[in-house]
Every structure is written in C-alpha cells, then in structure tokens.
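Below: one structure, written as structure tokens.
Derivation of every value follows stated rules applied to the coordinates shown; laboratory data play no part. Just so it is clear, the structure is predicted and the values come from calculations on it, not from any experiment. Neighbour counts run over all protein chains shown; Cβ positions are idealised from the backbone, glycine included.
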Amino acid sequence: MIYVISDLHGRFDRYQQMLEVIKFTLDDTLYVLGDVIDRGPDGIKILQDMMFRPNIFPLLGNHEFTAAICLPWLMQEVTDQSLNALDGTQIAALSEWIANGGGVTLRSLKGLATEEREEILEYFREMELFAEVETNGRSFVLTHSGLSNFSPGRPLSDYNLEDFLFCRPGMDTVYFPDKFLIFGHTPTRYLSGQDKILRQKTWIDIDCGCAAPSGRLGCLCLDTMEEFYT
C-alpha cells in the first residue's frame, strides 16, 4: 500500500503510532510531505528513523528548507560561542527559523556528533519538491504546500521552489482536471474548521494539525483512499 502523511512537526509519538495503525511493513510505501521538524520535541528523532527506512520518501517542507539554510554554518560546533559569531544575515535567517519553532530542533542538533549533523543536512539536500504517483487507476501529485502560480499545462519542473513550499490554497482553488494534488502546510482547521483530511474536487489537504495539542496526525492510503488518524 502507498500512504501519505505531512507536517509531523516533531511528534515522534504520533508518527510511531501511525506506523502501527496502518501496520506499515517493507511491502508498503510512505511519502512524508515535509515539515518533519520544529515545534514538537522530536523532529530529529523522526528524521533519523526515516533515514534508515528504504520505503519512506520525504519531500522538502519549508521548515526543512529554512533549517538547511542555517545548518551549513552551524555544522561544526553548535555552541553559544558560534551563535555569538553570526553576522546580520545569518542572525536574520536563524531568527526566522527559531520564530517558526526551530529552537527545539537547534537544541537537538547541539546534542549530535558532527557526522550525524552532516547526515541530516545531506538528507535535507536529497529531498524532492514533488512526487507523482499512480495507483489503482488514480493519479496523484504530492507536494508540501500545494502549487502557487498554477497553470494546468505547466510542467512541474517549471515551478519555483517557493511555489511548492509556501502556497496557501483557498477552498475554491482548482488544480489538475485529471489528477489529485495532495499537500499539507495549511492545517485543515483553517479551511474547514475540523482537524480532518479535507477533500475537494481537485485537491486533498492532509495537514490535520499534528503539532497542536488538540490536533491529529492524518494519513491517507492512496490505493484505497482510506483515512487513518492518531
């Protein structure tokens, strides 16, 4: 079976529970549509688990993108001294990351060996911006946030990084006529008022507010279109 989840935001407990709920095995495939890190306590722990699973495929989220900007100059020594040595541009990038919940990730990185940090940075760099999946007669495009500046005939390779990472679709947004666009990034409660997978005619939002105390982690099986929650 092929599954999709998104916006784990450091909730290793819900991630682990979901793998148990869907009875995830090596015969299955899981796409994680970005924002694994920040806000919750265990984003690095989730990443390290995902890295050693050959059938889990991450897509880049805006939180991973921001972290990847900061990590190269924090790689050698994440200490109070290195933070004090940052220039204005670096401080602005770091401030944005922390303001968006990156402080907990930064603290986790301080506890890792240099080699482990390098592995995580390389994992970020290998993340794709989208994936195309066909199963059981249906076609899907998977991205982190939807697609800004959408045009039906425009090749996916022609979109900019920002189009994949920072889009905020509205309820009346229309995408492909012959395939579903599946994304996270915008919690469904902001669109429908519910922490539940939101299905529209051409798109599906699966961000059910996992990072929020009252939110949930949603998972969609692409083969059967069945929904799962923890």
Exercise for review: Residues in segment 1-26, backbone N under 14 Å from the label point at T224 (7 Å along the Cα-to-beta-carbon vector): list them, ranges by number please.
Suggested key: 1-4, 21-25
Point to revise | Count, lysine Cα pairs under 25 Å in the chain, 8 or more residues apart or across chains | key: 5
Study note, to complete from the structure: Applied in sequence order to segment 15-20, the curve 6.51 cos²θ - 1.76 cosθ + 1.60 (Karplus, θ = phi - 60°) yields integer Hz couplings, x standing for Gly and Pro, of 4, 5, 4, 5, 4, 6
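What dipole magnitude, in Debye to the nearest 20, does segment 2-229 give about its Cα centre under +1 on Lys/Arg Cβ and -1 on Asp/Glu Cβ?
Details: 19 positive and 34 negative charges, 140 e Å.
Dipole size: approximately 680 debye.
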Exercise for review: Would you mind calculating the gained length between R138 and A92 on full extension (0.36 nm times residue separation, minus the Cα-Cα distance), in nm to one decimal?
Suggested key: 12.2 nm
Review point. Could you state the number of Å between the C-alpha centres of segment 1-46 and segment 164-194?
Key: 20 Å
Check your understanding: Label 7 Å along Cα→Cβ of F176; segment 113-143 residues with amide nitrogen under 19 Å?
Key -> 128-143
Review point. How far apart, in nm, are two points set 7 Å out from the Cα along the Cα-to-Cβ line at Y190 and at T114?
Key: 3.9 nm
Revision key, fill the gap. Here the percent of antiparallel bridges among DSSP beta bridges lying wholly in segment 2-229, to the nearest 5, is 50 percent
Review point. ³J(HN,Hα) across segment 152-159 via Karplus (A = 6.51, B = -1.76, C = 1.60, θ = phi - 60°), whole Hz, x for Gly/Pro?
Key: x, x, 7, x, 4, 5, 8, 7
Point to revise | Selected from F124, L112, G146, residue furthest toward positive end of dipole (segment 109-175; charges at beta carbon) | key: G146
Exercise for review: First check a/c for segment 170-230, with a ≥ b ≥ c the square roots of the eigenvalues of its C-alpha gyration tensor; if it is under 1.5, answer rounded, and if not, answer prolate when a/b is larger than b/c or oblate otherwise.
Suggested key: oblate
Revision key, fill the gap. When the charge dipole of segment 2-229 is computed with +1 at the Cβ of Lys and Arg and -1 at the Cβ of Asp and Glu, the Cα pointing farthest to the positive end, of M51, I197, Y3, is that of I197
Check your understanding: Is the shape of segment 105-214 best called rounded, prolate or oblate, per the rule: a/c under 1.5 gives rounded, else a/b larger than b/c gives prolate, else oblate, with a ≥ b ≥ c the square roots of the Cα gyration tensor eigenvalues?
Key -> oblate
